[in-house]
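Structure first, commentary second.
The values are calculated or read from the model by the stated rules, or taken from the named source; none is laboratory data. Keep in mind the model is a prediction, meaning the values are calculated, not measured. Please note: Cβ atoms are built from the backbone with ideal geometry, for glycine as well, and neighbour counts cover all protein chains shown. Please note that ligands, DNA and RNA were not included when accessible areas were found on the heavy atoms of the full protein model with its side chains. Shrake-Rupley method; radii C 1.70, N 1.55, O 1.52, S 1.80 Å.
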Amino acid sequence: MFRAADIVLFINPIQSLGLKAGAPALFLEWNDRVVLFEAPTIFLAERYVRSGSQQSPHTWAKAAYALKSWFQYLQAVDKDWQDASEEDRISYREAFLSAISPKTGHLYGVAGIRDNMTVIREFHKFCSTKDSYFGDIGKSQKIEFRTPIDRDFLAHIQSSPRSANRDYALPKVRPAMKLHPIMATDLKGLLNHVGPQAAHRDGDLRPARDRLIFDLGWAVGLRLDEINRLTTLQFLSLVPDVSSPFTNLPVTIYHGKGKKTRQVGIPTWLVMDLLAYIVGERAVSLRACKSVARSKPINLLLAHATSKAPGHSITNSAIQKMFRQACLTLGIVETVQKEVPLSGLRFLTQAPKHSIHDLRHTYAVLTYHAERANGNSEPWKKIQAQLGHRHLQTTIDTYLSHVEIFTDQPGLFDVRKMLGL
């Protein structure tokens, strides 16, 4: 058994190994000698470098680091990789679900864990065909982790029913449901922090794109993916009445949860902001784009004109990062305990109190009170239709215990009035 600290990963090692430029290789420091760790190096060369579907050195290195981490884990528990079992792999997987990355300081992402588990599983399957591994990892025909399609909108905190023939990268314990509607004072602070309204700047020259993203969440109830899939075509045909800023205009949302289409109401004041962004800030971003395209993009949200990729689409992860940073800057945080992988060292740190999905929860709570103030005795039906829930009971059960947090604000008729905006 070699020591954990003595596993060395080289990218693009000496050419005498016969490896392609940029290919990774694992080595062992064993009894004062450095020797090639043949099994994983051959696996990486054959499955990734030579015949992989993605001819990217970055992809090769990612797979190599996944194997290196796996071997280090086995050494920490004093087990040779050739004796490792499926139970060991599952234990390793679940350890990472509760650990944090020393590189980012955050919990490891589920997608990254899934990819690592797939590499490990495929490595042992490969070795079994070479008669160098005889354990049970990769023996079954189970499918590695798939993101489940839930029956309700809480995809990020719930798990769908699991079939017995699937091997998920998540533990089979249903997590507790967590809803965090944003309090009025915090929401106002976030809106003022991220930027002005595009149609009502009042001399504020900051970009308005991020404010639009927030408004589409808390004032319309859209999911992050739905916001980022919006196009200019959905709004350019709308004719908002400036004299009726609180009137809702119908907009069709495509590819919502479960690939379903639904119609939502967007208030006139927000439609005016969206149109002002399209002809103003968005147009400036397009003009700053250096790449030549045959046709202009129709995505509503584009990178800022001063960014590294003006005129290009933005990613969901970039939006999530922007939201987290806003919470941290404003001190909207909570203290959480984290654990360093393998060492088990625990420490306290500050983390954002909310995620961007909480804007959607906030919409439901605020709308409930606004509708009740308008005399609507059945506010849940409007919320159900706007959020795209299949069953009314899902809406009621989800939010009933949270609608009391704003009850100290009587006589409210619109969510913007409710917040003093």
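Some observations on this one:
- Checked against (1) in a helix (DSSP H, G or I); (2) at pLDDT 90 or above, SER317 meets all criteria but (2).
- The stretch 70-87, subset in contact with a Leu (Cβ under 9 Å, 6 or more places away or on another chain) and over 20 Å from LYS139 (Cα atoms), residue least open to solvent (accessible area, probe 1.4 Å): TYR73
- Checking each residue of the stretch 267-286 against the condition of being among the β-branched types (Val, Ile, Thr), touching an Asp or Glu at 6+ places or on another chain (Cβ under 7 Å) and not in a loop (DSSP other than H, G, I, E, B) gives at least one match.
- Any chance ALA364 is at pLDDT 95 or above, outside any strand (DSSP E or B), crowded, with 20+ Cβ neighbours inside 10 Å and not aromatic (Phe, Trp, Tyr): no
- Contacts under 9 angstrom Cβ, first residue in the stretch 315-341 being more than 21 Å from LEU301 (Cα to Cα) and hydroxyl-bearing (Ser, Thr, Tyr), partner at pLDDT 90 or above and open to solvent by 50 Å² or more (accessible area, probe 1.4 Å), 6 or more apart: THR329/HIS193
- Of all the listed residues (GLY203, GLY221), the sole one being buried (at least 20 other Cβ atoms within 10 Å of the Cβ) and modelled with pLDDT under 95 is GLY221.
- Among (1) open to solvent by 20 Å² or more (accessible area, probe 1.4 Å); (2) modelled with pLDDT of 90 or more; (3) touching a Phe, Trp or Tyr at 6+ places or on another chain (Cβ under 9 Å) - the single one LEU170 does not satisfy: (2)
- Residue among ARG229, ARG282, ARG262 that alone is among the basic types (Lys, Arg), touching a strand residue (DSSP E or B) at 6+ places or on another chain (Cβ under 7 Å) and surrounded by fewer than 21 Cβ atoms within 10 Å (Cβ to Cβ): ARG262
- Yes/no for THR329 being modelled with pLDDT of 80 or more and in a strand (DSSP E or B): no
- The residue that is most open to solvent (accessible area, probe 1.4 Å), among those in the stretch 108-140 that are touching a Ser or Thr at 6+ places or on another chain (Cβ under 9 Å), part of a loop (DSSP other than H, G, I, E, B) and over 15 Å from ASP88 (Cα atoms), is TYR108.
- For the stretch 287-302, a residue qualifies if it is open to solvent by 40 Å² or more (accessible area, probe 1.4 Å), at pLDDT 90 or above and within 22 Å of ASN316 (Cβ to Cβ), and the qualifying residues are ILE298, ASN299.
- In the stretch 381-421, the residues that are modelled with pLDDT of 80 or more and part of a helix (DSSP H, G or I): LYS381, LYS382, ILE383, GLN384, ALA385, GLN386, LEU387
- Condition check for GLN337 on (1) surrounded by 14 or more Cβ atoms within 10 Å (Cβ to Cβ); (2) in a strand (DSSP E or B): one failure, at (1).
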